[in-house]
Every structure is written in C-alpha cells, then in structure tokens.
1. Report, to the nearest 10°, how far helix 54-67 tilts away from the longest principal axis of the Cα atoms in the chain, using its own Cα long axis and a range of 0 to 90°.
2. Based on the alpha carbons, how large is the Rg to Rh ratio for the chain when Rh follows Kirkwood?
3. Gap in Å between the Cα centre of the stretch 116-140 and the Cα centre of the stretch 20-51?
4. Remind me, relative contact order of the chain in percent, using alpha carbon pairs under 8 angstrom and six or more residues apart?
5. Arranged from highest to lowest average of other beta-carbon atoms within 10 Å per residue, in what order do the peptides 109-116, 179-186 appear?
6. Working out 0.36 nm times the residue gap between Cys125 and Ala167, then minus their Cα-Cα distance, what length gain in nm do you get to one decimal?
7. Students often check this: by mean Cβ neighbours within 10 Å, which of 139-145, 187-193 ranks highest, and how do the rest follow?
8. Could you tell me how many degrees, from 0 to 90 and to the nearest 10, lie between the Cα long axis of helix 86-98 and the main elongation axis, the longest principal axis, of the Cα atoms of the chain?
Amino acid sequence: MSRKDRAKPNYDRPRSHSQKPVRESFLIFCEGATEVGYFSCFKKRAKLVAGGNALKIVQSAVAYKNAAEKQVDQYWVVFDKDETSDLQFGQAIAMARENGIRVAWSNQAFECWIILHYREFNHACHRNDYEAMLKQYIQEYDASKKGEEQGRQLHQKTIPLLKTALANARRGHTSFPPDKPDAHKQTSTLVYTLVEAILAQS
C-alpha cells in the first residue's frame, strides 16, 4: 500500500469499541444536608429540598423537576420516615414514582444505612437509638452536627465497607413480606438501590 493510500481514511475499518459509554446524569433531592454531603462524594449532583415531612419533600422535588429546563436521566428523592404519618409516607412514595422520581427512603432515618456498613440491622429500632449504635463504630459521630461536612465524613469512613452495606440492606429489606406497607418496614432502607444505580454508571 502506498503512502498516499495509507493516508486515506478507511471507512470500512471496524470501529473501536473501547469508547467509554455515556454516563447517565443524576439529580438527587435530599431532605437533609448530611445526605447532600454523602451523595456528593459519589460525584453526583445532590440538592437540598425544603419540606418538613416526606410528602412535602416529594412535592417540592416534583415541582422542581417539572420546572427544570435541563434534561436529567435519573431523578431520585431521599427522605426518612421520621414523624411522617403512615398515610403520608405511602402518598409520598406513590407521588414520586408517578412523576418519574425514584425513591430511596429510610425507615426510620438515613443513619440506619450507615449502621448497615458494620452490622445487619433489620429489627424495629427508634432513630433516637441510632447515635449510640453508630458510636460503637464511629466514636466521633455526633447526631447534633448535621450538615454536608458530616455527610462527607460518613462517606469517607464507610466507603471501604460499601459492599457489606449493600448486602445487609438488600437482605434486610427483602426479608419483609412484599405486601407489607413501606411505612411498617422498620428498620429498613432503599438507599442501597440508589447507591447501586450510581455504581452502575461509574
């Protein structure tokens, strides 16, 4: 083949399949700044949304999504059962899904996801007891110091144990009967489904 022929583009040559797949974009609506800090460490966009209870948080997230001009591939909302009534908790989950927003709830609070990095946790437990449990593994944890910095610290502390947390959370959540209302699945969390979705795009 002459030098001139070699210089011509070869459109018959098979294209390389080594190109990286396009990663889907995320927007994660969080009810707490701790969660914003935690999920931001995965290099995904996390936004604090106003609320007060699960239903109001979802309503705010839906309004933001509907007004957004930029296309996002995956919308998620992260909220806790806390003091939300069983009825409103179920309504919040249904509203999110009806509006194309995936749900990563925690019953009772986000910190149960952190505990799952260290142990199985599928028995009923009030969130007020989470701090004492967490201090067994993270001595410097302080429930009163909510904020993005706390979320980043929790991520840094627990990321080496992420595989364990995923397994514990999945096992705990699926141990409940399928027809049991989510509001009654204490202690359980779907945060693991959001983390799995993030890892699938990494």
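Quick note: the coordinates plus some simple rules give every number you see, no bench work behind them. What you see is a predicted model; the values in this text were computed from it and never measured. All Cβ positions, even for glycine, are placed from backbone atoms using ideal geometry, and neighbour counts span all protein chains on display.
1. Approximately 30 degrees, to the nearest ten.
2. Radius of gyration over Kirkwood radius for the chain works out to 1.13.
3. 24
4. Contact order relative to length: 24 percent.
5. Top of the packing list down: 109-116, 179-186.
6. Full extension from Cys125 to Ala167 adds 13.2 nm.
7. Highest mean packing first, the order is 187-193, 139-145.
8. 10
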